[in-house]
């Protein structure tokens, strides 16, 4: 489970932008919360980020995606163009990634600082949830590399300044704890509403556990698809229309049907793997009621015994309501005069009169009226 993720000096984000998936001190929709077996901290199953065009919503998701790529495939992910894009002086300052996540009864904090393609600091800490303090699993800075006792015999003589140590260890060492950490990153799914990833649907169809779930949701979403097939020739959908069976290839389906099948598959796969799903523009081609249904499915991870989480960036506001979301599941990105972005949650936001957002407010109406900030500056 993701607990926190922060970015500093990355595209729109000059200062540190922190997304906290731990519960705020609010009372609504407690059934949404995910709980580790070893403590009582509630973790959010989803957050949805709102804000104007160009504010950094997509870039925040891409920041998580970039860290995933650095950990899993560093040689192809290294780049020197990730600094705050509105001030070239920030090219000489570090871009920082900091992620805290949980695997079973362990919590990890991984920190990576880079200037261009050069790593200047990297740390990995771990603790059991029953402990209050972290142990150092590795520490890397200008003075050298420290490895914990379990990993200290690993040869790091070939480690270069442009390769993350976490990536390097994954290529050099087989270790149960290291494998579980790398699996956390490996299982992150990134999906953009503008790009169809048919392989997600194919994988769902080929799963004996996921395919029946996928088919069970389709009639509830108004589709007459009764079966799905995946072969070397492609993916096809079987429809029942006026008592007749008709097969269409995936490419022949409407854009909305294709988007729905992909996003639904992604949610079900993430719930099966208890993984993190990142979705940019989930509303593309989808009816708001369909999107609301999918949000509801994502928020039910705890009831399904899963630790799956969804982070989405969207403009679609009709689902921004207290029947679907807790206040701490709603986040906004506002754009400052210098082009930098600030990220904040509705649960902690103070309006101009100094009052907090109430749980019985009509969130989308208040947001579009400008009560929460993060709106386009249209005259």
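No value in this document is a laboratory result; all are computed from the given coordinates. Bear in mind the structure is a predicted one, so any value in this text is a computation, not a measurement. Cβ coordinates were reconstructed from backbone atoms using ideal geometry, including for glycine residues, and neighbour counts include every protein chain displayed.
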Three principal axis lengths of the chain [C-alpha, angstrom, descending]: 73, 57, 42
Share, in percent, of DSSP beta bridges within segment 233-375 that are antiparallel, nearest 5: 70 percent
Residue of 18, 124, 41 that the Gaussian network model of the chain assigns the largest fluctuation, springs spanning Cα pairs under 10 Å: 41
R0 of 41 Å, Cβ-Cβ distance residue 76-residue 244: FRET efficiency to nearest 0.05: 0.25
Relative contact order (%) - criterion: Cα under 8 Å, at least six apart; region: the chain: 21 percent
Segment 1-118: relative contact order as a whole-number percent, Cα under 8 Å and 6+ apart: 33 percent
For 151, 331, order by how many other beta-carbon atoms lie within 10 Å, fewest first: 151, 331
Among 26, 49, 188, residue whose mean-square fluctuation peaks in a GNM of the chain (springs only between Cα atoms under 10 Å): 26
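In square nanometres, what is one fourth of the surface area of the convex hull spanned by the alpha carbons of segment 270-379? Please report the intermediate quantities before stating the final value.
Values: hull surface 33.4 nm².
Averaged projected hull area, Cα only: 8.4 nm².
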Segment 295-366-segment 177-229 distance, computed between alpha-carbon centres (Å): 25 Å
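Express as a percent, rounded to the nearest 5, the fraction of DSSP beta bridges in the chain (both residues included) that run antiparallel.
On the way: 60 of 76 bridges.
DSSP beta bridges in the chain are roughly 80 percent antiparallel.
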10 Å binning of all Cα-Cα separations within segment 196-273, expressed as whole percents from 0 upward: 19, 59, 21, 1
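Would you mind calculating the relative contact order of segment 226-379 from Cα pairs under 8 angstrom and at least 6 residues apart, reporting the percent as a whole number?
On the way: 190 pairs, mean separation 22.0, N = 154.
That works out to 14 percent.
Which value at 222 nm does the chain reach when only helices count, each DSSP H run of 4 or more adding -39,500 (n - 2.57), with the total divided by all residues and rounded to the nearest 500 deg cm²/dmol? Please list the in-between numbers first.
Numbers: 9 runs with 93 residues, N = 379.
Taking each H run of at least 4 residues, the total per residue is -7500 deg cm²/dmol.
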Most mobile listed residue (233, 62, 208) in the chain, GNM with C-alpha springs under 10 Å: 233
Cβ-Cβ FRET estimate between residue 27 and residue 174, R0 fixed at 41 Å, reported to 0.05: 0.35
Sites residue 115 and residue 148, calculated FRET efficiency, Cβ-Cβ separation with R0 25 Å, nearest 0.05: 0.45
Spin-label pair residue 161/residue 207, simplified geometry with 7 Å Cα→Cβ offset, distance in nm: 4.3 nm
Distance (nanometres) between label positions extended 7 Å along Cα→Cβ at residue 91 and residue 104: 4.7 nm
Shape box of segment 4-56 [Cα atoms, principal axes, largest first, Å]: 37, 22, 16
Two-decimal log10 I(q)/I(0) for segment 122-203, as the Debye equation yields it once each C-alpha is a single scatterer, q = 0.14, 0.24 Å⁻¹: -0.63, -1.23
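Could you work out how much longer the chain between residue 304 and residue 231 gets when fully extended? Use 0.36 nm per residue separation minus the Cα distance between them, nm to one decimal. Can you show the working numbers first?
On the way: separation 73, 0.36 × 73 = 26.28 nm, distance 2.96 nm.
Extra length available between residue 304 and residue 231 comes to 23.3 nm.
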Label point distance in nm, residue 199-residue 369, each placed 7 Å from Cα along Cα→Cβ: 4.7 nm
